[in-house]
Ligand code: BEZ
Ligand code: FE
């Protein structure tokens, strides 16, 4: 219904804007837009946004453009550093007993990683401390899932992903595996390091403005796909990393932190080892 105001004021503007959402709009779209508009107006009132600050905000949003390319999406990074990505994740995947927790995908996954065999090294010729990984992929009851596809990727000992180092096109420290009959994926690699999220663009400006750092604790990414089960996108974090408690993207969950050095420290191995059981829920 058209509103009857001629002059819009602080007192009637929000109501007028909400009233312009047409009754025949898609109900979910109408719900999302109404809430977004209410919160945006409340924010402007809350901080008493000045015209100069509004202009600065518009300039900030406009500066995102050059940082949205096929290699980088600054909007996703902004969502990550503001905790929005992990909030959406938390609402979609409430912690469930017996199921591995999820975390951010991040920007460094590649569509077609090298397809490797169990026992292969995903980081031949890459300097670093040797790390052996055994990942058991199972259902929520612990039954091994044979034939599951597992993409793994991580940074090198200096915190660089393959797309950030060298020519940027060579695949390193990543691979696609298929689980054996016993549900296990086994590979060798080098121990990854903590690293900064890209902070030379608008997202970095926000971090700096809040006095926050860009670092993420060392981790290995896993994306598991098994027929009949929900995809699992997660990381395993290295215990002891000094950034575990200040991850720039709030992605750490205690259940995903593993001591890669445990066996070496106990004299049971001469290299780092990661053993982890990933449990996937059934497809809804
Ligand atoms: C990553 O873990 O690769 C990542 C996640 C979020 C933002 C930047 C990097
Ligand atoms: Fe990462």
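For residue 20 and residue 209, what is the calculated FRET efficiency with R₀ set at 35 Å and r taken between the beta-carbons, to the nearest 0.05?
It comes out at approximately 0.55.
Counting other beta carbons within 10 Å of each Cβ, put 167, 89, 247 in order, fewest first.
Ascending number of Cβ neighbours within 10 Å: 167, 89, 247.
Using the 10 angstrom Cβ neighbour count as an exposure proxy, how do 253, 242, 38 rank, fewest first?
Taking fewest neighbouring Cβ atoms as first place, the list is 242, 38, 253.
I'd like the per residue volume of the convex hull spanned by the Cα atoms of the stretch 13-66, given in cubic angstrom.
100
What is the Cα centroid distance between the stretch 1-78 and the stretch 152-214, reported in whole angstrom?
Comparing the Cα centres of the stretch 1-78 and the stretch 152-214, I get a distance of 34 Å.
Across 10 Å bins from the origin, how do the percents of Cα pairs in the stretch 140-205 run, short distances first?
Bin by bin from 0 Å, the calculated values are 18, 35, 27, 16, 4.
Run through the DSSP bridge list for the chain and note the antiparallel percent, rounded to the nearest 5.
Counting only bridges with both partners in the chain, antiparallel ones make up about 70 percent.
Just the Cα atoms of the chain, one point each, no solvent: what log10 I(q)/I(0) does Debye give at q = 0.07, 0.12, 0.13 Å⁻¹?
The calculated log intensity ratios at q = 0.07, 0.12, 0.13 Å⁻¹ are -0.35, -0.86, -0.97.
Using all Cα-Cα distances in the stretch 1-124, what percent lands in each 5 angstrom bin from 0 up to the longest?
Spelled out per bin, shortest first, that is 2, 7, 10, 12, 14, 15, 14, 9, 6, 4, 3, 2, 1, 1, 0.
Using all Cα-Cα distances in the stretch 197-274, what percent lands in each 5 angstrom bin from 0 up to the longest?
Bins of 5 Å from zero give 3, 14, 17, 16, 16, 15, 10, 6, 3, 0 percent of pairs.
Taking only DSSP H segments of four or more residues, each worth -39500 (n - 2.57), what value at 222 nm results for the chain once the sum is divided by all its residues, to the nearest 500 deg cm²/dmol? Walk me through the intermediate numbers first.
Working: 7 runs with 69 residues, N = 284.
My calculation for the chain gives -7000 deg cm²/dmol from helical runs alone.
Only the coordinates and a few stated rules stand behind these numbers; no lab work does. Note that the structure is a prediction, hence the values are computed from the model and not measured. When we count neighbours, we look across all protein chains shown, and the Cβ atoms used for this are built from the backbone with ideal geometry, even at glycine.
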